[in-house]
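The values are calculated or read from the model by the stated rules, or taken from the named source; none is laboratory data. Every value quoted in this text rests on a predicted model; they were computed, and no experiment measured them. For neighbour counting, all protein chains shown are included, and Cβ atoms are generated from backbone atoms with ideal geometry for every residue, glycine included. Side chains are part of the model used for accessible areas, which takes the heavy atoms of the whole protein and leaves out ligands, DNA and RNA. Shrake-Rupley method; radii C 1.70, N 1.55, O 1.52, S 1.80 Å.
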Amino acid sequence: MSTGCRNAPVLKERGQREVFCGLTGIIWLHRKMQDAFFLVVGSRTCAHLLQSAAGVMIFAEPRFGTAIMEEKDLAGMADANAELDREVARLLARRPDIRQLFLVGSCPSEVIKLDLAKAAERLSVAHAPHVRVLNYSGSGIETTFTEGEDACLASMVPVLPQTEAKELLLVGALPDVVEDQALDLLARIGVSPVRCLPARRTDDLPAVGPNTRFALAQPFLGETAAALTRRGAQRIDAPYPFGAEGSTLWLKAVAAEFGIAPEVVDQVTAAPRARAEKAVAAAAETLRGKRIFFMPDSQLEIPLARFLTRECGMQAVEIGTPYLHADIHGAELDLIAPGPVLSEGQDVDKQLDRVRAARPDLTVCGLGLANPLESEGLATKWAIELVFTPVHFYEQAGDLAALFARPLRRRAALSGLAPHLEAAE
Amino acid sequence: MKLAVWTYEGPPHVGAMRVATGMQGLHLVLHAPQGDTYADLLFTMIERRGHRPPVSYTTFQARDLGADTAGLFKSACQDAYDRFKPEALLVAASCTAELIQDDPGGLAETMGLPVPVIPLELPSYQRKENFGCDEAFLQIARALAQPMARSEQVSCNILGPTGLGFRHRDDITEIAALLREMGITVNMTAPMGARPSDIARMGAAHFNVLLYPETAESAARWAEKTLGQPFTKTIPIGSRATRAFIEEVRALSGSTAPVDDSRLRQPWWAASVDSTYLTGKRVFIYGDGTHAMAAARVARDEMGFEVAGLGCYNREQARPLRALAREMGVEALVTDDYLEVEAAIEAAAPEMILGTQMERHIGKRLGIPCAVISAPVHVQDFPARYSPQMGFEGANVLFDTWVHPLVMGLEEHLLAMFRDDFEFHDAAGPSHHGGHAPQAVHQDAAQPAEPAPAATAAAAEGGSMPPEAAPPSPVTPATNNVIWLACAEKELKKIPFFVRGKARRNTEAFASQQGLSEISVDTLYEAKAHYAR
Ligand code: SF4
Ligand code: SF4
């Protein structure tokens with residue numbers, strides 16, 4: 001059996017990165033956890049990042065905010081803690097619906113060594129039992145984009161209740177509609193009980209223990225996996241549930257752990273799988289034979305490259321990822337045919353040189369790079385859309401493929417209209 | 001420490017980026033962690049730029065902190081110079097780098113780069129974005145401009161436009177054309193469009209035209225002192241201010257050339273009878289100081305509105321704004337706290353908001369139409385069409401964009417007459433907002449609507465139409481503990497939605513003035529008579 005790209009050489013780069021910090025995860029986490037508030041302890045930059053990444057869709061007060069440090073907070077530690085306590089008290093008084101408060105560390109709070117773990121302990125006592133206060137780092141010096149979600153979930157693990165029950169824990173923040181589909185599939189296969197981390201509400205938090213088996217729904221949850229392992233839980237190794245193939249392999253790995261035969265999975269998933277394959281095939285007409293380049297961004301790059309090469313007929317030129325975890329990406333790498341350059345880390349200008357030299361049909365990149373590449377005549381797909389859009393499991397497989405097909409179809413539709421798109425070089 | 005939900009200004013280094021991105025042939029090396037690269041998307045997405053901002057970030061990580069962040073900074077400078085060959089290099093620290101005190105300016109100086117290196121001091125924990133623009137431009141001017149002989153022809157510099165500025169692109173086209181018509185050469189426009197070598201020729205101009213005090217007042221003052229160039233004080237927003245600006249420029253330049261104002265339609269559009277319905281519309285105005293003050297004058301003197309509130313988020317403009325608010329008989333709101341702005345608007349219950357993109361959202365929530373007059377702005381505030389705020393065409397644009405969210409004059413009467421017609425009822429909203437029929441939504445703070453990532457933020461809309469007010473309940477507690485009786489509440493519903501807020505507010509004020517604890521239908525009409533004019 002081929003091991004695909006598992007042992008392929010990796011181009012490691014350390015230069016200028018063009019990627020969000022872990023604070024960005026708050027944008028989707030605060031939607032998922034409906035009674036949680038995310039309080040970033042940081043600077044005006046952190047507040048501005050959140051606002052810019054969220055697109056400022058303000059209809060009401062969101063469940064996140066930034067305690068912006070000022071000159072006087074930097075002067076003395078005692079002040080900063082007292083100020084923080086005051087802001088938290090005010091916030092909780094105004095938002096009685098909040099049951100869980102995350103103090104989120106930033107670069108400035110880490111550089112001045114503001115101890116948020118201690119602050120969380122102190123505030124937990126002060127506001128118990130109604131509100132539990134946890135802390136994690138979303139700082140740019142410690143975390144890259146989706147690592148923020150990883151750090152958040154990992155911070156919850158030590159305080160989860162203990163259990164001896166054999167339960168499946170589904171790990172990763174999925175849109176509710178996708179989570180419901182996954183739970184339904186698992187129930188029909190016969191895997192039960194199933195709990196989710198994160199839970200939608202604090203009262204539904206799962207328990208964990210030596211008989212817990214957990215499956216990651218996202219490929220960027222290494223720290224959370226390690227924390228769960230420390231609690232005795234065991235990880236089910238599988239490719240990620242992107243596309244029909246990924247969803248089936250993921251479900252089969254879970255089923256096997258619960259002593260259920262693969263035939264049962266085949267039977268239960270036959271209809272949705274057929275739907276997924278049909279929907280993917282429609283988009284694959286546009287994608288087949290096209291060359292794709294992944295800039296490092298969300299850590300979804302490896303599973304997506306697997307999906308797009310195996311199910312949509314695309315050809316990967318370079319698969320960049322901010323971090324390559326042999327552990328949690330191994331099952332995916334096994335499935336990717338050798339050929340593409342695997343790169344870890346970034347030196348953005350050099351990488352853009354490689355994009356220009358390769359002239360791929362589609363480049364997956366961050367929002368800061370998309371229009372510049374488009375104006376050079378290179379089609380792009382924004383990586384951030386992949387973490388905001390429901391893309392997991394069968395019913396979304398067609399949508400996932402369509403996300404990549406749309407920029408190509410759009411260019412074709414406008415080809416007579418925008419001469420500069422082709423001209424600029 | 002201060003809790004911020006949304007901010008009106010970014011940190012000062014974003015201001016420096018706006019200056020650098022507006023210019024050509026300049027590069028900024030920013031000592032900053034990786035997450036700070038988000039700022040690129042402001043320019044590439046919101047402004048749709050087809051180039052990356054000319055900014056290199058050092059993107060130091062935690063593991064570099066104990067090691068050699070200074071070395072990292074120097075190699076970033078060298079790489080940036082080698083790759084982009086700028087005519088000058090700006091160097092600065094973001095909030096995090098400010099704390100590790102590597103002294104980017106000092107480091108870059110020791111490198112002996114063959115181009116001018118301009119260090120910026122940007123106190124991230126005290127100042128904000130506009131300061132960053134103003135300071136970056138000042139330092140660039142100081143470093144590059146020298147006193148020199150004046151041009152033979154009368155000429156001026158246009159100062160202030162930057163990347164990501166609200167309508168800067170079109171304002172400078174409009175104003176440059178006006179100056180040309182007056183026989184004045186534009187020596188240089190900066191920062192937007194200028195190269196460092198253009199800035200070096202700044203001193204050749206006879207005077208400066210300062211369009212945006214927020215971003216360039218310090219440079220204008222410096223040039224006045226050091227280069228002996230006076231600068232204009234009038235901001236040409238609105239037809240009156242544009243005429244005053246022309247007079248000011250004439251005084252500075254000696255120009256006597258006539259100016260053709262036949263394109264200026266706004267005064268007649270405002271005077272024509274259809275606009276009668278605009279009389280006394282209560283507007284709440286909030287933005288950067290310059291745009292807010294200009295809008296307040298236009299609203300009162302050129303549209304016949306009543307200014308119901310006036311505020312700005314930049315303290316730098318607090319003093320003149322307070323004076324103007326006093327003159328207009330309202331209390332000035334000087335704050336950058338979004339929740340405070342929202343509360344002030346709610347309390348004032350205006351019929352329209354002239355604000356920033358944030359007030360557009362406040363308007364949506366409160367059911368008040370809104371037009372955008374100031375940064376911060378979003379993708380739809382960078383229209384494809386020519387759409388200045390300044391000069392004669394700017395005055396035309398103001399009329400159109402401020403009137404657009406409102407119900408039109410004749411339509412207002414028809415709505416009042418046929419308010420029970422099932423097709424022509426008030427909940428249908430203005431007929432020219434096809435896709436915006438308001439629905440009964442009243443969101444409370446605990447149930448925010450779905451946020452959209454910048455990725456889906458491309459919705460194009462001119463103004464936002466308000467949703468219908470909350471459904472009536474049998475007795476509704478009003479503010480000040482006055483109770484609306486069911487019959488009065490029902491009568492209130494019959495009043496067209498665009499004046500309903502005002503009627504509600506006036507009636508409640510009237511009731512508490514009279515010491516009434518309940519509002520009946522009679523109270524409603526007594527109040528109406530009381531406030532009639
Ligand atoms: S990189 Fe650091 S300073 Fe910048 S926004 Fe992220 S946490 Fe804040
Ligand atoms: S998408 Fe939302 S945030 Fe963006 S402009 Fe439209 S309403 Fe505003």
Expected vector for segment A:240-245, Karplus 3J(HN,Hα) from phi with 6.51, -1.76, 1.60 and θ = phi - 60°, integer Hz, x for Gly and Pro, equals 8, x, 9, x, 5, 5
Taking R0 as 45 Å and r as the Cβ-Cβ distance between A:L11 and A:S192, the FRET efficiency 1/(1 + (r/R0)^6), rounded to the nearest 0.05, comes to 0.55
Checked against a 24 Å limit on the C-alpha separation, the offending pairs among B:K494/B:K528; B:K2/B:K281; A:K118/B:K128; B:K2/B:K502 are B:K2/B:K281; A:K118/B:K128; B:K2/B:K502
With the 1.4 Å probe rolled over protein heavy atoms, the protein assembly as shown has an accessible area per residue in Å² of 37
Honestly the protein assembly as shown on the Cα gyration tensor test (a ≥ b ≥ c root eigenvalues; a/c under 1.5 rounded, otherwise a/b vs b/c for prolate or oblate) is just oblate
Counting only protein heavy atoms and leaving out ligands, DNA and RNA, the solvent-accessible surface of B:W269 at a 1.4 Å probe, in Å² to the nearest 10, equals 120
With R₀ set to 51 angstrom, the calculated FRET efficiency between the beta-carbons of A:A413 and A:D204, to the nearest 0.05, is 0.65
Percent relative contact order for chain B, counting Cα pairs under 8 Å at least six residues apart, stands at 12
Percent relative contact order for segment A:22-143, counting Cα pairs under 8 Å at least six residues apart, stands at 31
Buried accessible surface, A vs B, both sides, probe 1.4 Å, in Å² to 100, equals 6500
With label points set 7 Å from each Cα along the Cα-to-Cβ direction at B:R319 and B:D68, the distance between them in nm comes to 4.9
Among A:T163, A:T229, A:T269, the residue with the largest mean-square fluctuation in a Gaussian network model of chain A built from Cα contacts under 10 Å is A:T163
Once all protein chains are kept in place, B:R263 shows an accessible area at probe 1.4 Å, nearest 10 Å², of 100
Expected field for B:K502, accessible surface area in Å² at 1.4 Å probe radius, rounded to 10, holds 50
Percent antiparallel among DSSP beta bridges confined to the protein assembly as shown, nearest 5, equals 10
Here the relative contact order (percent) of chain A, from C-alpha pairs under 8 Å and at least 6 apart, is 18
Taking Cα atoms, the helix B:239-253 axis meets the longest principal axis of chain B at an angle in degrees (rounded to 10) of 30
Residues of segment A:120-162 with backbone N under 19 Å of the label point set 7 Å from the Cα of B:S75 along Cα→Cβ are A:141-142
Non-local residues with an amide H under 5 Å from the amide H of B:F231, with H modelled 1.01 Å from N and Pro and chain starts lacking one, are B:N208
Along segment B:258-264, Karplus-curve 3J(HN,Hα) (6.51, -1.76, 1.60; θ = phi - 60°) to the nearest Hz, with x for Gly and Pro, reads x, 10, 7, 10, 5, 7, 6
For segment A:325-336, Karplus-derived ³J(HN,Hα) couplings (6.51, -1.76, 1.60; θ = phi - 60°; whole Hz; x for glycine and proline) come out as 9, 3, 4, 8, 9, x, 4, 6, 4, 4, 8, 8
Residue-normalised 222 nm signal for chain A, counting each DSSP H run of n ≥ 4 as -39,500 (n - 2.57), nearest 500 deg cm²/dmol, is -14500 deg cm²/dmol
Test assert for segment B:1-32: residues whose accessible surface shrinks by at least 30 Å² between chain alone and all chains, 1.4 Å probe, equal B:M1, B:K2, B:L3, B:A4, B:V5, B:W6, B:T7, B:P11
Taking a ≥ b ≥ c as the square roots of the Cα gyration tensor eigenvalues, with a/c under 1.5 meaning rounded and otherwise prolate when a/b beats b/c or oblate if not, segment A:168-263 comes out rounded
Here the FRET efficiency for A:D184 versus A:D399, based on Cβ atoms and R0 = 22 Å and rounded to 0.05, is 0.75
